[in-house]
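The values are calculated or read from the model by the stated rules, or taken from the named source; none is laboratory data. Just so it is clear, the model here is predicted, and its values are computed rather than measured. No Cβ is skipped: glycine too gets one built from the backbone with ideal geometry, and neighbour counts run over all protein chains shown. The area values use the complete protein model at the heavy-atom level, side chains included, leaving out ligands, DNA and RNA. Shrake-Rupley method; radii C 1.70, N 1.55, O 1.52, S 1.80 Å.
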Amino acid sequence: MQITNKIIEKHGLKIDEYKKIQKLLKRDPNLLELGIFSAMWNEHCSYKSSRIHLKKLPTKGKQVIQGPGENAGVIDIGDDDAIIFKIESHNHPSYIEPYQGAATGVGGILRDVFTMGARPIALLNSIHFGAPDHPKTKNLLNGVVSGIGGYGNCIGVPTVAGETKFNETYNENILVNAMAVGHAKKSKIFYSKAKGINKAVVYVGSKTGRDGIHGASMASAEFDENSDEKKPTVQVGDPFTEKLLLEACLELMKDDSIIAIQDMGAAGLTSSSVEMASKGSLGIELELDKVPCREENMTPYEMMLSESQERMLIILEDGKEERAKKIFDKWDLDFVIIGKTTNTKNLTMKYKNIIHGEIPIDALATKAPIYDRKWIRKKPSKCEVNLKNLKKIKLEEGLIKVLSSPNHSNKSWITNQYDQMVMCDTVQRSGSDAAIIRIHNTEKAIAVTVDSSANYCKSHPISGGKQIVCENWRNLISVGAKPLAITNCLNFGNPENSEIMGEFAECLSGIKEACEFLNYPIVSGNVSFYNGTNKKNIFPTPVIGGVGLISKLKKPIGQYFKAENSFIIVVGKTFGHIEQSCFLKENFSITDGSPPETNLTNEKNNGEAVLNLINKDLVLTAHDVSSGGLIIGLCEMSIYSGVGIKINKPKILSNLIEYFFGEDQGRYILEVNTENINKVEKILKSNNIYYENIGKTQSKYFEIEGEMKSDINELYKINNQWYNDFNAVTNK
């Protein structure tokens, strides 16, 4: 078949990229080879627009065993225990087919974790939808949530934490980011680097079908009005088969049979074989007529580019084939030797003893295009806030508007669809700043959380990047965990747009600065570009997934008030930064202005002081202050516990709206009992930590001196009402 410009364009390649392919091959590629290049050179697999910037991120630390470059990141938590974790996007597939898109996103990230030898112990997600009144939102929301729950619940891994947000920027391009966390022994971690010549290359798992072909390419292009026509490119998942694959792989990993192992994820057999060979500086020869297929007359092109789920590629030591086959036969999974490693440094694809394609491995991997795209700095928008208008709104009125909004309403109607307690090691689940998972049969636990802040990143990307890392850090601190490392999922628009590329570059600059200052390295992640439809790009939405360590598990500190007559302390200074706040958005529809400043010195000092107080058992409850400001943090702690509060009038700001709704960073709310209040204040003073003693807990009422007194049960109902109204409206 003659390769035309139309065929090149259909494969997501530029004409100059095709010319580079011709130069590398010293000939024209055939259609199979073009498909291979398309898969490996697309944005999703090659990171060709982001690699230059990603290299600047901090990825090392004493706690880091494996940073970016493998299936997932690995950190040391002591006693020969390691945590393996990663977050990835499945945005485009989930918009086209929400149930299967979300389900296979969960399945794919689980394989990234257990392919390295870890038993998955937790799932998290960050999901973003368009405006609630958009005609597609309800269907997308229900499909995605059902897909996440359906896959995670069936495979038996608890979905313990996450976030669900709504904004019109996602009307035509939702975000579905899935994170998996696993536990392994440091002595039994498996990697994807091929070693040795003439070693068996083994296909295991499900059979190959035609689902998902060009899925990675689809993820590397903007949507248009014909997006629904791409439904055949969405993969179909089977969590029950994945459970069998998980157990079979972990059983095989008990001895030294495996040289290398790689999930067949994006680009399927193509990416798995190329990545293993590239890391080992070897070649791989595949006999494609041996690939187990579930559909008739599949071509080499379809086999290499299929993204059928629940499949792995394994390179075995000599003489281990028979034992390995018995294991996979026992679990009723395919086990077929489909090739061997070679010293050619080529990817050789045979079908019925005829070579159908042969490509140098480095042409697909190290010689993939790298672009230093033009980018421009973001100028923050100005926001003129009239303080007189702020004073016209009463505190209670403003609180109810935020508390009843889609982004701040109770999301238990989502989390109740997830099995959070399976495996019996979930100590603290969704609803807290971070979930806590016990390391099985030990006194140790990890805390996990995900965070994003698209409006901050859109307004001022550097500040937004810093803020997300710091909020993630605070969430782990608040449950008594020492933050160790993060994974990130960087969701942006079209990188060929200099403004979008500027958002990306500056967000990463902010993330880098915060991670370096907090000693909070990035060990894994994913970049998702081209999130947009018909040239309309989403807000920049980097998502941060954090993992922290609780060395000795006690009763979880929690984030809700525990007792009456306790003191309420706010650590960190309140300046009343109201721009970019939820208050302005929900009460005035104002979204202009700059985000609050993030002072990294204060973040670190305040966080370490709070963690010290928690470790000394001097704090009953801790909760970070973030979206919605101090009043929303207090309200969450009160209405979900049934414990009221009485807050004194502030002495440092005359404008109560700014004081209570300002979203200043670096702050925590602490509940301290009478016996410990003097000790707590003494420690904070001795460490030069700014704090305020703002009031006490009480029964029944949410009260601010001289301003409002509301029944907490009524506030609870208000916070739970939005989804009922949403359902009623969208069902009409």
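Limited to region 613-630, what total is found for residues that are part of a loop (DSSP other than H, G, I, E, B) and not small (Gly, Ala, Ser)?
The number of residues fulfilling the criteria is 6.
I'm checking my understanding of the structure. Among residues of region 403-423 that are outside any loop (DSSP other than H, G, I, E, B) and either aliphatic (A, V, I, L, M) or touching a helix residue (DSSP H, G or I) at 6+ places or on another chain (Cβ under 6 Å) (or both), which one is surrounded by the most Cβ atoms within 10 Å (Cβ to Cβ)?
Within region 403-423, the subset outside any loop (DSSP other than H, G, I, E, B) is 403, 412-415.
Remaining after also requiring either aliphatic (A, V, I, L, M) or touching a helix residue (DSSP H, G or I) at 6+ places or on another chain (Cβ under 6 Å) (or both): 403, 413-414.
Details: Leu403: 26, Trp413: 16, Ile414: 22.
Result: Leu403.
Of the numbered conditions (1) in a loop (DSSP other than H, G, I, E, B); (2) among the β-branched types (Val, Ile, Thr); (3) at pLDDT 95 or above, Val385 satisfies every one except a single condition; which is it?
Status for Val385: all satisfied but (3).
Just the residues that are open to solvent by 50 Å² or more (accessible area, probe 1.4 Å), outside any helix (DSSP H, G or I) and either more than 14 Å from Ile359 (Cβ to Cβ) or in contact with an Asp or Glu (Cβ under 8 Å, 6 or more places away or on another chain) (or both), please, taken from region 13-27.
Lys14
Tally the residues that are under 20 Å from Tyr456 (Cα atoms) and open to solvent by 10 Å² or more (accessible area, probe 1.4 Å), restricting the search to region 613-625.
0
Is there a residue being among the aromatic types (Phe, Trp, Tyr) and either open to solvent by 10 Å² or more (accessible area, probe 1.4 Å) or more than 21 Å from Ala481 (Cβ to Cβ) (or both) anywhere in region 672-695?
Yes, some residue in region 672-695 is among the aromatic types (Phe, Trp, Tyr) and either open to solvent by 10 Å² or more (accessible area, probe 1.4 Å) or more than 21 Å from Ala481 (Cβ to Cβ) (or both).
Quick one: how many residues across region 509-520 are in a helix (DSSP H, G or I), of a type outside the set (Asp, Glu) and surrounded by fewer than 24 Cβ atoms within 10 Å (Cβ to Cβ)?
4
I'm trying to understand the selection: among the residues of region 705-726, which are among the basic types (Lys, Arg) and not in a helix (DSSP H, G or I)?
Hit for region 705-726 is Lys709, nothing else.
Under 9 Å by Cβ, and 6 or more places apart or on different chains, what pairs join a residue from region 9-30 that is touching a residue at least 60 places away in the same chain (Cβ under 8 Å) and closer than 23 Å to Lys345 by Cβ with one that is assigned to a loop (DSSP other than H, G, I, E, B) and open to solvent by 60 Å² or more (accessible area, probe 1.4 Å)?
So the pair list comes out as Lys20/Lys367; Ile21/Asp28; Leu24/Lys367; Asn30/Met1.
Looking at the structure I just gave you, is Val236 assigned to a loop (DSSP other than H, G, I, E, B), under 28 Å from the mean Cα position of the chain (by Cα) and among the hydrophobic types (A, V, I, L, M, F, W, C)?
Spelling it out, Val236 is indeed assigned to a loop (DSSP other than H, G, I, E, B), under 28 Å from the mean Cα position of the chain (by Cα) and among the hydrophobic types (A, V, I, L, M, F, W, C).
Any idea how many residues of region 168-202 are surrounded by fewer than 21 Cβ atoms within 10 Å (Cβ to Cβ), polar (S, T, N, Q) and under 30 Å from Thr591 (Cβ atoms)?
Total meeting the criteria: 1.
Residues that are farther than 20 Å from Ile189 by Cβ: which strands (runs of 3 or more DSSP E) entirely in region 240-355 hold 2 or more of them?
Filter on region 240-355 gives 283-287, 334-342, 346-351.
Could you tell me whether any residue of region 66-74 is in contact with a His (Cβ under 9 Å, 6 or more places away or on another chain) and of a type in the set (A, V, I, L, M, F, W, C)? Quick ask: steps written out before the conclusion?
Of all residues in region 66-74, those in contact with a His (Cβ under 9 Å, 6 or more places away or on another chain) come to none.
No; the residues of region 66-74 include none that is in contact with a His (Cβ under 9 Å, 6 or more places away or on another chain) and of a type in the set (A, V, I, L, M, F, W, C).
With the requirement that a residue be of a type in the set (Asp, Glu) and either open to solvent by less than 10 Å² (accessible area, probe 1.4 Å) or outside any helix (DSSP H, G or I) (or both), what does region 464-505 give you?
Of everything in region 464-505, those that are of a type in the set (Asp, Glu) and either open to solvent by less than 10 Å² (accessible area, probe 1.4 Å) or outside any helix (DSSP H, G or I) (or both) turn out to be Glu496, Glu503.
Against the conditions (1) outside any helix (DSSP H, G or I); (2) over 30 Å from His90 (Cα atoms), where does Ile359 fall short? Just the number, please.
Result: Ile359 passes all but (2).
State whether the residues of region 696-704 include one that is of a type outside the set (Phe, Trp, Tyr), more than 37 Å from the chain's Cα centre (by Cα), assigned to a loop (DSSP other than H, G, I, E, B) and surrounded by fewer than 20 Cβ atoms within 10 Å (Cβ to Cβ).
Looking through region 696-704, at least one residue is of a type outside the set (Phe, Trp, Tyr), more than 37 Å from the chain's Cα centre (by Cα), assigned to a loop (DSSP other than H, G, I, E, B) and surrounded by fewer than 20 Cβ atoms within 10 Å (Cβ to Cβ).
Limited to region 562-587, what total is found for residues that are open to solvent by less than 10 Å² (accessible area, probe 1.4 Å) and touching a strand residue (DSSP E or B) at 6+ places or on another chain (Cβ under 9 Å)?
Looking only at that region, the number is 7.
Within region 424-461, how many residues turn out to be assigned to a loop (DSSP other than H, G, I, E, B) and among the aliphatic types (A, V, I, L, M)?
Residues flagged as assigned to a loop (DSSP other than H, G, I, E, B) and among the aliphatic types (A, V, I, L, M) within region 424-461 amount to 2.
Go through region 521-586 and tell me which strands (runs of 3 or more DSSP E), entirely inside it, have 3 or more residues that are under 24 Å from Phe492 (Cβ atoms).
Those strands (runs of 3 or more DSSP E) span 522-528, 541-550.
Results for (1) among the aliphatic types (A, V, I, L, M); (2) open to solvent by less than 10 Å² (accessible area, probe 1.4 Å); (3) at pLDDT below 95, shown as yes or no for each residue.
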| residue | (1), (2), (3) |
| --- | --- |
| Ser306 | no, yes, yes |
| Leu313 | yes, yes, no |
| Lys320 | no, no, no |
| Arg323 | no, no, no |
| Trp331 | no, no, no |
| Asp334 | no, no, no |
| His356 | no, no, no |
| Leu364 | yes, yes, no |
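Suppose the filter is within 30 Å of Asn724 (Cα to Cα), open to solvent by less than 50 Å² (accessible area, probe 1.4 Å) and in contact with a helix residue (DSSP H, G or I) (Cβ under 6 Å, 6 or more places away or on another chain); does Val157 pass it?
Answer is no for this residue.
Tally up the residues in region 139-176 that are aromatic (Phe, Trp, Tyr) and part of a strand (DSSP E or B), please. Walk me through how you get there before you give the answer.
Going through region 139-176, the residues aromatic (Phe, Trp, Tyr) turn out to be 151, 166, 170.
Subset that is part of a strand (DSSP E or B): 166.
Within region 139-176, residues that are aromatic (Phe, Trp, Tyr) and part of a strand (DSSP E or B) number 1.
Filter region 591-612 down to the residues that are of a type outside the set (Asp, Glu) and surrounded by 24 or more Cβ atoms within 10 Å (Cβ to Cβ), then identify the one that is nearest to Tyr520 (Cα to Cα).
Gly607
If the Cβ limit is 8 Å and pairs must be 6+ apart or interchain, which residue in region 149-172 that is of a type in the set (A, V, I, L, M, F, W, C) pairs with which residue that is in a helix (DSSP H, G or I) and open to solvent by 10 Å² or more (accessible area, probe 1.4 Å)?
Cys154/Pro239; Cys154/Phe240; Cys154/Lys243; Ile155/Pro239; Ile155/Phe240; Ile155/Lys243
Going by the conditions given, is Asp289 surrounded by fewer than 24 Cβ atoms within 10 Å (Cβ to Cβ), more than 16 Å from Thr348 (Cα to Cα), touching a residue at least 24 places away in the same chain (Cβ under 8 Å) and not aliphatic (A, V, I, L, M)?
Considered against the rule, which asks whether it is surrounded by fewer than 24 Cβ atoms within 10 Å (Cβ to Cβ), more than 16 Å from Thr348 (Cα to Cα), touching a residue at least 24 places away in the same chain (Cβ under 8 Å) and not aliphatic (A, V, I, L, M), Asp289 comes out as no.
More than 30 Å from Cys383 (Cα to Cα) and aromatic (Phe, Trp, Tyr), is that true of Tyr520? Can you show your working first?
Numbers: more than 30 Å from Cys383 (Cα to Cα): yes; aromatic (Phe, Trp, Tyr): yes.
So Tyr520 passes the test.
Could you check region 31-138 for helices (runs of 4 or more DSSP H) lying wholly inside it with 3 or more residues that are open to solvent by less than 10 Å² (accessible area, probe 1.4 Å), of a type in the set (Val, Ile, Thr) and touching a residue at least 24 places away in the same chain (Cβ under 8 Å)? Please lay out each step first, then the result.
Working: elements: 31-41, 43-46, 51-54, 91-96, 98-114.
Here the list reads 98-114.
Let me spell it out: the conditions are (1) at pLDDT below 95; (2) touching a Leu at 6+ places or on another chain (Cβ under 8 Å), and Lys651 meets all of them except one. Which number is the exception?
Result: Lys651 fails condition (2) only.
Starting from residues that are among the β-branched types (Val, Ile, Thr) and part of a helix (DSSP H, G or I), keep the ones in region 1-12 and report whichever is least open to solvent (accessible area, probe 1.4 Å).
Among those that are among the β-branched types (Val, Ile, Thr) and part of a helix (DSSP H, G or I), it is Ile8.
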